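Just below is one structure, and these are the notes that go with it.
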Protein chains: 2
Amino acid sequence: MAKNTDAARVPDSVTCSIERTLCVLGERWTFLILRQAFFGATRFAEFRDQLGVAPDVLSDRLGTLVEFGVLAREPYQEPGARSRFAYRLTPAGRELHVVLAALQQWGDEYLPHPDGPSMLRRVRDTGQPAHVGFVGEDGHEVALTDVTAIPSGAAGAGPS
Amino acid sequence: MAKNTDAARVPDSVTCSIERTLCVLGERWTFLILRQAFFGATRFAEFRDQLGVAPDVLSDRLGTLVEFGVLAREPYQEPGARSRFAYRLTPAGRELHVVLAALQQWGDEYLPHPDGPSMLRRVRDTGQPAHVGFVGEDGHEVALTDVTAIPSGAAGAGPS
């Protein structure tokens, strides 16, 4: 898949990919902006009104997501109005679905709302439930307790 | 599994589980503290020294993670020293492995470090690579494009 992100914007001193991702996502509003993008929001006013986020904060966070290639900014113009921008998920942005779903799933399980989950994940064709988990090379789920993280041996690898 | 989290601490007005989880995790230091906990850090000084985080920020974030049942605070005492606390992942905390792994995987793919990933996920017994993905009820991986999110019909559901 073509990489439309710009890895060079993250300092090389940050070797851990968790931390590299948080250079882009490490703020609560950013996750919520992305959530609305998955729900179909594309316009500044949609994000602002759906989230109740201050315009300067929204502008800043959208800028970061565009800068890193998670959203693409495309001009559009409605009749009689001035030209504006729409924000659309790039392929890299759409891959973040699994991150949002993992956050959602944990909240469903450990911080449940009294009325139950607000959203359900389903397999499109069958309507069967889908969840986020670890998967092995053979395409079968691997239990959480069977997964281990090991330093790759890359320069600067390891915890810290 | 016993829930050791305290869902009542999240306001009922927050219906989306992504947002509910971000009430606990919605800050960059929190993810990095959790990462160090997965790497085995348990003591205040370990988190502080490994992350270079200001003590007041660390104290605040550890407090939140304990409050919500992600970490458990246990007293310990070394000979001749005063009693201190160790912070250990609870079962709920360990389930966050999939969230951290999803963040890591996206960073590996879209914000790669010049030297490659610092950590690799492996199946413990076989050493085969493991990744994070969607899984259906039959335990088989489901492609990202085959997963859809639908409002559950619960009160207050939907993209607000």
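The values are calculated or read from the model by the stated rules, or taken from the named source; none is laboratory data. Bear in mind that the values here come from a model prediction, so they are computed numbers and not experimental data. Positions of Cβ are generated from backbone atoms using ideal geometry, with glycine treated the same way; all protein chains shown enter the neighbour counts. Ligands, DNA and RNA are stripped out before the accessible areas are found, and what is left, the full protein with its side chains, is counted by its heavy atoms. Shrake-Rupley method; radii C 1.70, N 1.55, O 1.52, S 1.80 Å.
Some observations on this one:
- The trypsin sites (Lys or Arg not before Pro) found in the range B:79-160 that occupy coil by DSSP, while having at most 16 further C-beta atoms within 10 Å, are B:ARG82, B:ARG124.
- J(HN,Hα) series, the range B:51-61, from Karplus relation 6.51 cos²θ - 1.76 cosθ + 1.60, nearest Hz, glycine and proline x: 9, x, 8, 4, x, 5, 5, 4, 4, 5, 5
- Residue separation of B:THR42 and B:ALA81 scaled by 0.36 nm, minus their Cα-Cα distance, works out to 12.3 nm of gained length.
- Cα long-axis angle, helix A:97-110 against chain A (0 to 90 degrees, to the nearest 10): 70 degrees
- Shielding score for A:92-100, defined as the mean number of other chain Cβ atoms within 10 Å: 6
- Separation of the B:GLU74 and B:ARG28 label points, Cα + 7 Å toward Cβ, nm: 3.2 nm
- Column: log10 I(q)/I(0), Debye, Cα scatterers of the range A:96-146, q = 0.21, 0.26 Å⁻¹: -0.92, -1.15
- Extent of the range A:65-125 along its three principal axes (Cα atoms, max minus min coordinate, largest first): 47, 27, 26 Å.
- Carbon/sulfur fraction of accessible area - chain B, other protein chains in place, 1.4 Å, %: 49 percent
- Kirkwood-based shape ratio for the range B:1-90, expressed as Rg/Rh from alpha carbons: 1.01
- Compared with the direct C-alpha span, the chain from B:SER152 to B:GLN128 gains 5.0 nm at full extension, assuming 0.36 nm per residue.
- Computed accessible area, B:PHE85, all protein chains, 1.4 angstrom probe, square angstrom: 100 Å²
- Debye equation applied to the C-alpha atoms of the range A:1-50, log10 I(q)/I(0) at 0.13 Å⁻¹: -0.43
- For the rotational copy relationship between A and B, the axis lies nearest to a chain A beta carbon, identified with its distance in whole angstrom as A:ALA102, 2.
- Direction-averaged projected area, Cα convex hull, the protein assembly as shown: 18.9 nm², rounded to one decimal.
- Chain A: proportion of alpha-carbon pairs further apart than 26 angstrom, %: 42 percent
- Label 7 Å beyond Cα on the Cβ vector: B:VAL66 copy-to-copy distances, nm: 4.4
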